[in-house]
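Okay, so here's the structure we're looking at.
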Amino acid sequence: MVAMLPSKLEFKPIENTFSLKGHIYETLRDGITSMNIYADDAELKLDERQLSEQLGISRTPIREALARLEQEGLVTVIPRRGVFIVRKTRKEILEMITVWAALESMACRLITEKASDQQIASLRKIFTSFENGQMQAHIDEYSDRNIEFHQAILEMSGCALLKETADRLFLHMKGIRARTINEQDRANRSIIDHMHIIEALEARDAELAERLSREHTLNLAAHIEKHVDYLD
């Protein structure tokens, strides 16, 4: 069972506000990164007219938002064919995971040096509802909590540039993380890894926390190399 991300974009109309341009961009970005873009039936082509009708706005600000998304590598414009959501290749995904592993492991080291005991303890609360081994029955919820955990680690590092860099990567990694979380029993192994990372952080063991975090992320790369056959 794969986490139930939608395979096409669906939007509600956007209210006309003073921050309309930014809101349109964020709405399209969040919609794209919340899709299962690696699904076999994923609708990757974006229709400006359809988006305009769904959002209840003109096509001009939509084009501006799509241009910004193209700069971020989330969409691509193909002459005479249209605008398409970008699916990363296996090589690109693996490179991003490698960089993510470096960033998040450093974040863990910084947490042992800077974060309060209360902040570190808050990481356990993310997984409270999964303590009784009911992972498979709540895989969609766990997928969201998994993402929340990794984002909390970056936030807790206290390094704004590290988090900003990782956030840009995460835009491209969210889809593959969500799809792979229930493959080869990764969800159950993932929560065990998370608990060990939290224990290392609580002990203020920088070397161990850094190593466990790096190994946890690189395990995703190993899984993709061995089991994932839906990437180009």
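Does Ile197 satisfy being assigned to a helix (DSSP H, G or I) and crowded, with 21+ Cβ neighbours inside 10 Å? Steps first, please.
Working: assigned to a helix (DSSP H, G or I): yes; crowded, with 21+ Cβ neighbours inside 10 Å: yes.
Yes; evaluated as a whole, the condition is true for this residue.
Among the residues of region 53-100, those that are touching a residue at least 12 places away in the same chain (Cβ under 8 Å) and part of a strand (DSSP E or B) comprise Val75, Gly82, Val83, Phe84, Ile85. Just the residues that are of a type outside the set (Asp, Glu), farther than 16 Å from Ala152 by Cα and part of a helix (DSSP H, G or I), please, taken from region 200-211. The answer is Ala206, Leu208, Arg211.
Residues to consider are Ile24, Ile62, Ile78; find the one that is crowded, with 19+ Cβ neighbours inside 10 Å, outside the structural domain of Thr180 (by TED's automatic domain parsing) and out of contact with any Ser or Thr (no Cβ under 7 Å at 6 or more places or on another chain). Checking each option against the conditions leaves just Ile24. Looking only at region 200-225, residues that are basic (Lys, Arg) and surrounded by 21 or more Cβ atoms within 10 Å (Cβ to Cβ) come to 0 in all.
Filtered by the rule that a residue be buried (at least 17 other Cβ atoms within 10 Å of the Cβ) and out of contact with any Ser or Thr (no Cβ under 8 Å at 6 or more places or on another chain), region 86-101 gives Arg87, Lys88, Ile93, Leu94, Met96.
The values are calculated or read from the model by the stated rules, or taken from the named source; none is laboratory data. On a predicted model such as this, the values are computed, not experimentally measured, just so you know. Methodologically, a virtual Cβ is constructed for each residue, glycine included, from the backbone with ideal geometry; neighbour enumeration extends over all protein chains shown.
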